[in-house]
Amino acid sequence: MSHSHSHAPGESHSHSHGPPQLQPQPQPQTLPTPDPAFLAVIEADFRPVSITLAADNITLLCEAHNLDKCSICNLDYINLNRLSKILAQNPKLKAPPPGNIVSKNLSQAVNNTKEEGNAFYKMHKHKEALGRYTMAASIAVQRPPWESNQLMREELSTVMSNRSASYVESEDYISALADAETVISIRRNWSKGHFRKARALVGLGMLDEAIEALQVGLAFEPNNTELGAYLEDIQKMMKEEQKT
């Protein structure tokens with residue numbers, strides 16, 4: 001015997017009330033045979049390097065120069081050594097959590113400190129705002145090495161963008177430009193970094209360079225109204241200067 005009934009708006013199905021049917025057993029999955037040509041490509045790119053251990057027996061160094069970051073050997077073990085030391089100092093930590101697990105306390109600390117800076121900024125207390133933004137940035141870069149660095153990039157770029165704005169209001173345009181360049185280096189396709197750079201350059205009287213900065217930002221976000229409006233403002237400034 002079978003019947004049909006609705007389980008959700010617009011959804012219905014029929015099922016049997018007779019004897020239970022035996023479910024088919026899942027078949028064991030077999031791995032596909034590796035492609036010899038693909039394996040050859042991997043092996044061609046694999047270049048083993050010689051390493052050595054430091055006296056602590058947990059720090060990797062290049063064998064030729066005993067450095068954890070060596071430009072001559074083109075090797076960088078800094079992040080790996082950092083992770084190694086964390087594991088050595090925490091023997092009860094069986095394994096790091098997966099990269100998608102993030103420290104909520106750290107995120108909250110970054111956000112709360114940034115918001116404190118924003119409150120000072122709105123009150124035009126830029127010295128205090130700069131201090132809070134600097135602290136928020138120092139917290140943001142303390143994420144453990146196993147976490148995805150995308151979150152750190154977003155947090156740090158936001159804080160540095162806000163600090164650049166505060167430097168502009170303090171008329172410290174060199175520091176504002178340095179922070180804007182940092183934002184662009186870690187999050188190049190974000191329009192705010194290019195906007196901050198343009199503001200700093202305007203403060204320095206470098207209008208042509210400011211226009212170039214905005215044009216780079218618009219290449220990533222052609223319809224960004226903030227960039228477009230500021231570009232028009234700078235062009236008007238240049239026309240006014242030409243009249244005088």
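The values are calculated or read from the model by the stated rules, or taken from the named source; none is laboratory data. No experiment lies behind these values; they were computed from the predicted model shown. All Cβ positions, even for glycine, are placed from backbone atoms using ideal geometry, and neighbour counts span all protein chains on display. Surface areas here come from the heavy atoms of the whole protein model, side chains and all, with no ligands, DNA or RNA. Shrake-Rupley method; radii C 1.70, N 1.55, O 1.52, S 1.80 Å.
Within the range 230-244, residues that are of a type in the set (S, T, N, Q) sit with their Cβ atoms under 9 Å from residues that are open to solvent by less than 100 Å² (accessible area, probe 1.4 Å), at 6+ positions apart or across chains, in these pairs: Q235/L207; Q235/I211.
Go through the range 222-244 and give me each residue that's of a type outside the set (A, V, I, L, M, F, W, C) and crowded, with 16+ Cβ neighbours inside 10 Å. N224, Y230 - these are the residues of the range 222-244 that are of a type outside the set (A, V, I, L, M, F, W, C) and crowded, with 16+ Cβ neighbours inside 10 Å. Taken across the range 157-176, residues that are exposed (fewer than 15 other Cβ atoms within 10 Å of the Cβ), over 23 Å from G203 (Cα atoms) and either in contact with a Leu (Cβ under 9 Å, 6 or more places away or on another chain) or of a type outside the set (S, T, N, Q) (or both) do not occur at all.
Would you check if there is a residue in the range 36-53 being hydrophobic (A, V, I, L, M, F, W, C), at pLDDT 85 or above and either surrounded by 10 or more Cβ atoms within 10 Å (Cβ to Cβ) or not in a loop (DSSP other than H, G, I, E, B) (or both)?
Scanning the range 36-53 turns up at least one residue that is hydrophobic (A, V, I, L, M, F, W, C), at pLDDT 85 or above and either surrounded by 10 or more Cβ atoms within 10 Å (Cβ to Cβ) or not in a loop (DSSP other than H, G, I, E, B) (or both).
The sole residue among V216, V202, V183, V141 that is in contact with a helix residue (DSSP H, G or I) (Cβ under 7 Å, 6 or more places away or on another chain), within 28 Å of F120 (Cβ to Cβ) and open to solvent by 50 Å² or more (accessible area, probe 1.4 Å) is V141.
Say we look at the range 99-156 and pick out the residues that are in a helix (DSSP H, G or I) and in contact with a Leu (Cβ under 7 Å, 6 or more places away or on another chain); which of these is modelled with the highest pLDDT?
Looking at the filtered set, the residue picked out is A137.
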